[in-house]
């Protein structure tokens, strides 16, 4: 399940990086295609996780994914806590974000910052998922402030 949770979080981040750094090279159409695909992957996997909790009664997942810094008893980690409420919120966040991504294609059509905007809203989706799935206050703060 850890790889599923990582994919849910990292696919909008990957899409944001692609649209942000390579937006001018790939163009407007590919910028929104990449970011929408990243968020759609997250949404599909979030629905799968939610159904696993609702139908199969999956156990709560609480684990450290990455140990960022360890110094003199202070352990800064990136981890996920996924239970029924988290699975529901992951699904809500990714669904709303997917709808915003799709709506924005027409709304931002003539805007000169088109690619940058799609990069930013995908980055926002990543940060919101980090906030929702956080298992520690440092990660929660990062998700809130990003």
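The values are calculated or read from the model by the stated rules, or taken from the named source; none is laboratory data. Note that the structure is predicted; figures quoted are calculated from it, not measured. Using ideal geometry, Cβ is built from the backbone for each residue, glycine included, and neighbour counts are taken over all protein chains shown.
Residues that are at pLDDT 95 or above and touching a strand residue (DSSP E or B) at 6+ places or on another chain (Cβ under 8 Å) do occur in the stretch 89-100, at least one of them. Considering the stretch 112-143, and only residues there that are assigned to a loop (DSSP other than H, G, I, E, B) and touching a residue at least 24 places away in the same chain (Cβ under 8 Å), the residue that is nearest to residue 39 (Cα to Cα) turns out to be 135. Each residue in the stretch 100-111 was checked for being without any contact (Cβ under 8 Å) to a residue 12 or more places away in the chain and either under 13 Å from the mean Cα position of the chain (by Cα) or within 19 Å of residue 24 (Cβ to Cβ) (or both), and 4 pass. Tell me, yes or no, whether the stretch 41-49 has at least one residue that is under 11 Å from residue 122 (Cβ atoms) and within 15 Å of the chain's Cα centre (by Cα). Yes, that holds for at least one residue.
In the set (1) over 14 Å from residue 12 (Cβ atoms); (2) in contact with a helix residue (DSSP H, G or I) (Cβ under 8 Å, 6 or more places away or on another chain), residue 62 fails one condition alone, (2).
Scoring residue 33 on the criteria (1) touching a residue at least 24 places away in the same chain (Cβ under 8 Å); (2) within 19 Å of residue 16 (Cβ to Cβ) leaves a single failure, condition (1). Just for the stretch 22-48: of the residues that are modelled with pLDDT of 95 or more and more than 16 Å from residue 104 (Cα to Cα), which one is surrounded by the fewest Cβ atoms within 10 Å (Cβ to Cβ)? By that ranking, first place goes to 48.
Being modelled with pLDDT of 95 or more and assigned to a helix (DSSP H, G or I) is a property that residue 8 has. For the stretch 84-99, a tally of residues being touching a residue at least 24 places away in the same chain (Cβ under 8 Å) and either over 18 Å from residue 52 (Cα atoms) or under 15 Å from the mean Cα position of the chain (by Cα) (or both) returns 11. Scanning the stretch 122-138 for residues that are surrounded by fewer than 18 Cβ atoms within 10 Å (Cβ to Cβ) and under 12 Å from the mean Cα position of the chain (by Cα) turns up just one, 124. Of all residues in the stretch 67-83, none are under 14 Å from residue 128 (Cα atoms), outside any strand (DSSP E or B), touching a residue at least 24 places away in the same chain (Cβ under 8 Å) and touching a strand residue (DSSP E or B) at 6+ places or on another chain (Cβ under 8 Å). When you look at residue 109, is it in a helix (DSSP H, G or I) and either at pLDDT below 90 or buried (at least 21 other Cβ atoms within 10 Å of the Cβ) (or both), yes or no? Here the answer is no, as residue 109 does not meet what is asked.
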